[in-house]
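Reading through the structure tokens given below for one structure.
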Ligand SMILES: [Zn+2]
């Protein structure tokens with residue numbers, strides 16, 4: 001895993017998706033693999049919904065999505081809009097940052 005310039009881990013190539021994930025379209029699927037700085041779509045199990053995460057440098061949390069922005073398909077989500085935080089995600093991000101730092105230190 002690579003790090004951003006500020007030391008936070010880059011999630012490019014890693015997906016945060018639900019079980020039985022079946023993307024509505026390729027454009028949506030593409031955005032589940034990208035870095036948070038490229039507009040990333042994530043499934044947050046704690047909130048049972050799809051979110052566009054906001055980097056910590058911009059206040060963190062995420063914007064809920066009710067529909068696919070590309071094809072208009074209705075997403076399985078508890079929320080259709082608004083900004084939320086996820087304690088699960090924050091814990092996961094800290095864990096990833098620690099793992100990423102270990103990798104960097106071992107290099
Ligand atoms: Zn779609």
When you count, for each residue, the other Cβ atoms within 10 Å and take the mean per peptide, how do 70-82, 43-55, 24-36 rank with the highest first? 43-55, 24-36, 70-82
Bin width 10 Å, alpha-carbon pairs only: give the P(r) of the chain as whole percents, running from 0 to the bin holding the largest distance. 14, 48, 29, 8, 1
How many percent of the alpha carbon pairs in the range 1-58 exceed a separation of 12 Å? 67
The chain: angle of helix 87-106 to the longest principal axis, Cα-based, in degrees nearest 10: 40
Computed on alpha carbon atoms, what radius of gyration and Dmax characterise the range 67-107, expressed in Å? 16.4, 45
Euclidean distance between Cα centres, the range 1-34 to the range 56-107, Å: 9
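Bear in mind that the values in this text are calculations on the coordinates, not laboratory data. Here the structure is a predicted model, which is why all the values come from computation and not from measurement. Here the Cβ is made from the backbone with ideal geometry for all residues, glycine too, and neighbour counts use every protein chain on show.
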